[in-house]
Amino acid sequence: MKRKIIKIDQEKCTGCGLCVPGCHEEAIKIIDGKARLVSDVFCDGLGACLGECPEGALTLEERDADPFDEKLVSEIIACKKRDDVLPHHGQSTPKNLNVMSPAGGCPGSAHAAFERKATVVSGKAQTGEQPSELTHWPIQLHLVNPAADFFRGRDVVLAADCVAFAAGDFHSRFLKGKTLAIACPKLDEGLDEYTEKIRRMVDEAKINTLTVVMMQVPCCRGLMQIAQAALQKAARKVPLKAVVVSIRGDVLSEDWV
């Protein structure tokens, strides 16, 4: 259906975050240092947030959009007020917390790359404490810069959030020597943004391969759909592998697509 809905000029947006509390429907959040429309169904199209942007990046446009879901918005707001805790991916940060974008210096979103040294005793890997194979930060797909140096020319693992908790050998089997990004296709909002970030990894960072590691539950298949959509849009072609892990941590399938 055609209706009025918010439009965010990404060139004008500085990621200041002033528009976020101005949107009472939770339709806007800061993603990768820019204000983004989380979902059409969250925006009522009334434009109450327009006056909050000092750069004039917010306007209203009339376009095809999903209808505003007032019931869903009310449920999210009620849940947020009741719990008073940090939200799941895709929900805005509670107003009593200081919101800073990665560009503004948020410590939790600052990029970092680090080397991992193998722990070896007499030529064999040490038993007991297992070293992490993670080589960079952040890893959540909303937060990563797809053109970051730690993606350039690398083999990339795109893993569902739950995989590392189910698969006890996740670090040694899937992560060693690779660059990681994680996402949840069921709970995260802004999935179109995920598609674009993966496309940029392929075209700009020129990644070598992409392995999608997901759980056996049906909703997790959405992660593979995101990856395939990104590769279809990309100018380059890279090998794509699909790995399915059971809820008990067993690898059910591992195939190049």
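The values are calculated or read from the model by the stated rules, or taken from the named source; none is laboratory data. A quick note: this is a predicted structure, and the numbers were derived from the prediction, not measured. Using ideal geometry, Cβ is built from the backbone for each residue, glycine included, and neighbour counts are taken over all protein chains shown.
A few points about this structure:
- Test for residue 88: is it at pLDDT below 90 and assigned to a loop (DSSP other than H, G, I, E, B): yes
- Looking only at region 15-33, and only at residues there that are farther than 16 Å from residue 73 by Cβ and in contact (Cβ under 8 Å) with a residue 60 or more places away in the chain, the one that is surrounded by the most Cβ atoms within 10 Å (Cβ to Cβ): 30
- Qualifying residue in region 150-171 (condition: among the charged types (D, E, K, R), touching a helix residue (DSSP H, G or I) at 6+ places or on another chain (Cβ under 7 Å) and assigned by TED's automatic domain parsing to the domain that holds residue 238): no
- Some residue of region 127-139 being out of contact with any Cys (no Cβ under 9 Å at 6 or more places or on another chain), outside the structural domain of residue 34 (by TED's automatic domain parsing) and surrounded by 21 or more Cβ atoms within 10 Å (Cβ to Cβ): no
- Filter result for the condition that a residue is over 14 Å from the mean Cα position of the chain (by Cα), over 22 Å from residue 150 (Cα atoms) and β-branched (Val, Ile, Thr), over 163, 202, 245: 245
- Looking only at region 204-249, and only at residues there that are of a type in the set (Gly, Ala, Ser) and touching a strand residue (DSSP E or B) at 6+ places or on another chain (Cβ under 6 Å), the one that is surrounded by the most Cβ atoms within 10 Å (Cβ to Cβ): 227
- A single entry from 55, 75, 61 fulfils the requirement of being in a loop (DSSP other than H, G, I, E, B), in the same structural domain as residue 14 (by TED's automatic domain parsing) and surrounded by fewer than 19 Cβ atoms within 10 Å (Cβ to Cβ): 55.
- Members of region 40-59 found to be closer than 21 Å to residue 1 by Cα and touching a Leu at 6+ places or on another chain (Cβ under 9 Å), listed by number: 41, 42, 43, 45, 46, 47, 59
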